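What follows is one structure encoded as structure tokens, with my remarks underneath.
The values are calculated or read from the model by the stated rules, or taken from the named source; none is laboratory data. Here the structure is a predicted model, which is why all the values come from computation and not from measurement. Here the Cβ positions follow ideal geometry from the backbone for every residue, glycine too, while neighbour counts run over all protein chains shown.
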Amino acid sequence: MKHKNTALALVCALAFSGNALAEGWTFGPAFKDGWKPEFTVAGVLGALDPDHAGSGLYKGVEVSLNCPWFQPPTGAIRQQFNIGRFNHDGLSLTSIEMNPNYFVSVGNGWSVGAGPGIGVVRAKLDGREATMSSVQVSANVAYRSGALFFGAGARYQDTRNKELVPGKSGADNWLLMAKVGFNF
């Protein structure tokens, strides 16, 4: 467990260290003239591979917007709010997450991003339930053209271990996902 947390912290620190040292950050851009939230709402389908069960279908919704608190000198931080469900092999997960990702444009409506996240996971296994906090790291590619949005991503979620049933703790998981939605 220590190694997972250390690796997750290192990846997050490296992902943001270069831009964090740059000048030109805007704090509280939502309170300044010209800021636009650029909301996106998308349906999410994916394959989730959790501890204690086989891979199965993940379904969810993502709402994202430009970060109202921080604006880097280049690129953009997108606050991504996700809610999703997984139910396979007797394991049921409901996850609510906040995943701020730093995105850079790679041209013609395409952007790539990565970042950390936090969340809450409700797990049910063999008739028992547990609510756990989580930390995650994700990477995404997005395409925006007018009102249309398409994306794909990968996310690793580390749940704060809590015993689900005797001998089985936590609900750590990997998620590969596709997103389709609308920009507002």
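For every residue, the table says whether it meets (1) among the aromatic types (Phe, Trp, Tyr); (2) under 30 Å from Arg128 (Cβ atoms); (3) in contact with a Pro (Cβ under 9 Å, 6 or more places away or on another chain).
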site: Gln71; (1), (2), (3): no, no, yes
site: Ala76; (1), (2), (3): no, no, no
site: Asn82; (1), (2), (3): no, yes, no
site: Gly90; (1), (2), (3): no, yes, no
site: Glu97; (1), (2), (3): no, yes, no
Would you point out the residue of the range 109-162, among those that are farther than 17 Å from Tyr58 by Cα, among the basic types (Lys, Arg) and in a strand (DSSP E or B), that is modelled with the highest pLDDT? Arg144
Going by the conditions given, is Gly107 free of Cβ contacts under 8 Å to residues at least 60 places away in the same chain, buried (at least 21 other Cβ atoms within 10 Å of the Cβ) and under 23 Å from Pro73 (Cβ atoms)? no
Among (1) surrounded by 15 or more Cβ atoms within 10 Å (Cβ to Cβ); (2) without any contact (Cβ under 8 Å) to a residue 40 or more places away in the chain; (3) not aliphatic (A, V, I, L, M), there is one condition Asn99 misses while meeting the rest; what is its number? (2)
Tell me the residue from Thr94, Thr131 that is touching a residue at least 12 places away in the same chain (Cβ under 8 Å), surrounded by fewer than 21 Cβ atoms within 10 Å (Cβ to Cβ), in contact with a Gly (Cβ under 8 Å, 6 or more places away or on another chain) and among the hydroxyl-bearing types (Ser, Thr, Tyr), please. Thr94
Only one of Gly34, Gly54, Gly84 is assigned to a loop (DSSP other than H, G, I, E, B), at pLDDT 95 or above and small (Gly, Ala, Ser), namely Gly54
If you go through the range 157-180 one residue at a time, do you hit one that is of a type in the set (Asp, Glu), surrounded by 17 or more Cβ atoms within 10 Å (Cβ to Cβ) and in contact with a Leu (Cβ under 7 Å, 6 or more places away or on another chain)? yes
Would you call Arg122 surrounded by fewer than 14 Cβ atoms within 10 Å (Cβ to Cβ) and basic (Lys, Arg)? no
What number of residues in the range 57-69 are assigned to a strand (DSSP E or B) and crowded, with 16+ Cβ neighbours inside 10 Å? 6
